[in-house]
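Peer 1: Below are the structure tokens for one structure; questions will follow.
The values are calculated or read from the model by the stated rules, or taken from the named source; none is laboratory data. A quick note: this is a predicted structure, and the numbers were derived from the prediction, not measured. Counting neighbours? That spans all protein chains shown, and the Cβs are built from the backbone with ideal geometry, glycine included.
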Amino acid sequence: MKLKYAFIVIACSVSVLLGQVLAQDQPPEQTQRQIPGLFTVTPLTTHGLVGRSDLAPAVSPDGRWIAYIRFERPGPNVRSAIWLLDRRTGVERVLIPEASVEYWGIDFAPDGQAVYVAQSLPPFTEATLVRVRLADRRLEPVRANVGREPAISPDGRSVAFNRRMSDPPGRELVVAPLESGPERVLARRRRPDALNYPSWRSDGGAILFRALDAGHATLLVEVTLADGRERVMAKPEGWGNASQGAWLPGGRSFVVTANQGTEFWRVSYPDGALQRLGFSRPDLYGGLDGAEAAPVIVAVRRRSEHRLWTARRDSIEAGVERPWPYVVAQPIGTPNEKLLFVRRGAAGAELVVTEPAGQEIRSASLAVPAPRYPKFSRNGQVLVWNSYEIGDRSFWRTGPNGENPVRLTPGPSDFLGHDVSPDGRWLAYTTWASGRFAVWKVELSGGPPTSLIGEESMVPAISPDGRWVAAYHRASSTHPERIVIVSTMGGNPVSLGDLPLAEGGLNWTPDGSAVSFTCAQTEFRTSAWFRKPAAGCGRSRHSPRETWCHTIGPRTVSCLSYGP
């Protein structure tokens, strides 16, 4: 399956319909209620090269200028640039030329005469805040060792950003003077909790940010600069990943998108009352930013297309590619060489089985909440699912047709890879139950989970004979990540040697002599343990960093690829 993304900057005019909503004299309700008004959406670019939707473009205070990150070549060998768009004339020009640079966020100066950018050079481990003036495009370094999503204070003297912590792993919200002086940490979150998208209150006395708890439920939080005190403004139900907020003129409310960008919501300040704006949208919107003195919101629109790509494992041909609508969980192969996947139906999730060529065989309702990542036991009698229910991620088992669902793990943060033993009796999975990522196991017949690899580890894969488990492993935050194997009977993990950065799932070969995986740069081989993934898997068409391969029966391979 392939997701095709087209990134488009849009302007959402709120002067008419949304303005009528804001002009109401009634106090906002304290419940989530739906507003019938819709945004007026105006496309501003059509080239599809706008940066990722979690990196918001920046709009000048008067709403005229829009600065955005443009990916000329995404992927491991990234080349990107900063462009400036005049919303009045539609004319674009380069503000910072294309280079081998990652940009981690962008914001306008309060006077609208300059743009601040977090610029990261290879090996992309930290960023420097730079300022570029619109008049002459002169680039000036401002401050080193900044993180992502820089936000300039209303008085233009300070910058807020979120930065990665390594020990303990997590994120911290930092405020620092623009020119020089000591920084100050206002908030911290340890993994799997998270924080991001800092935004200044209009008077500069507080910063709002989005936090995620261990179950990845969204919290809207305000921290006051005077005393560092945090206040949870709202904990919306069922939002999933919310976008960066865009303040509306007057500073009494802001707009965010929720549920992966399909819904627009207005959040009142300071009471946190929520109002939904319109209905769910087919496209995905993120990266919002608002103009201080103009009724304009700028966002990134992402258009997705699901496509299934199949090829014979022993063939060098390109394979067959076709649309695959409404897919919410990647297709996997059944023991009898059919395709199984989950799609959105009128009454919720549906489990669907088709022929490899696409002819539907059967479908049935699936009672597992927010099902993702199905996996069969090798005897084909049990399906295991990761439930991505917001705030309560856990593992479930069903019969081969999705019948008789049973919850296996307690949650709320059980995720990031799992595998079923060959005899279909137990499950290896990743959890945060011990305060760090670790591989645990649980019997499919029931019972309490037990630790399998106590140190930081994730994404287990069980050998065909059921005697070994391979997993990504890190002894501590200062040690490199490795691939290890551990006996299912217990004992210490055995490292397979120092490796470059690997990503995606681990897969044993059928004879148990090798583990295949995807490297961040290219496939490679170490001694007798590692082999390149099967041929004919679209490597010439997609970045190796972005392709994972899954077996479908003995002769075909499917790839789940992300990229343009």
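Peer 1: Taking strands (runs of 3 or more DSSP E) that fall entirely within region 184-298, which contain at least 1 residues that are under 23 Å from P110 (Cβ atoms)?
Peer 2: Qualifying strands (runs of 3 or more DSSP E): 184-190, 194-200, 206-212, 218-224, 253-258, 263-268, 284-290.
Peer 1: In addition: Identify, please: which residue in region 467-481 is modelled with pLDDT under 90 and in contact with a Pro (Cβ under 8 Å, 6 or more places away or on another chain) and is, among those, farthest from V494 (Cα to Cα)?
Peer 2: S477
Matching residues to (1) modelled with pLDDT of 80 or more; (2) acidic (D, E):
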residue: Y5; (1), (2): no, no
residue: V9; (1), (2): no, no
residue: A23; (1), (2): no, no
residue: P28; (1), (2): no, no
residue: V59; (1), (2): yes, no
residue: I69; (1), (2): yes, no
residue: W83; (1), (2): yes, no
residue: G105; (1), (2): yes, no
residue: D111; (1), (2): yes, yes
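Peer 1: Determine if region 392-403 includes at least one residue that is touching a residue at least 40 places away in the same chain (Cβ under 8 Å), more than 26 Å from W468 (Cβ to Cβ), surrounded by 15 or more Cβ atoms within 10 Å (Cβ to Cβ) and out of contact with any strand residue (DSSP E or B) (no Cβ under 8 Å at 6 or more places or on another chain).
Peer 2: yes
Peer 1: Residues that are within 22 Å of P154 (Cα to Cα) and of a type in the set (A, V, I, L, M), at least 2 per element: which strands (runs of 3 or more DSSP E) completely within region 76-144 meet that?
Peer 2: So the answer is 114-120, 127-133.
Peer 1: Quickly run through region 350-389 and pick out the residues that are under 24 Å from A461 (Cβ atoms), of a type in the set (A, V, I, L, M, F, W, C) and in a loop (DSSP other than H, G, I, E, B).
Peer 2: V368, A370, V382
Peer 1: So which residues in region 390-441 are β-branched (V, I, T) and either part of a strand (DSSP E or B) or over 19 Å from the mean Cα position of the chain (by Cα) (or both), if there are any at all?
Peer 2: T398, V406, T409, V420, T430, T431, V439
Peer 1: Which residues, taken from region 434-462, are of a type in the set (K, R) and in contact with a Phe, Trp or Tyr (Cβ under 8 Å, 6 or more places away or on another chain)?
Peer 2: Selection gives K441 alone.
Peer 1: For residues that are hydroxyl-bearing (S, T, Y) and touching a residue at least 40 places away in the same chain (Cβ under 8 Å), scanning just region 239-268, find the one that is nearest to E149 (Cα to Cα).
Peer 2: S243
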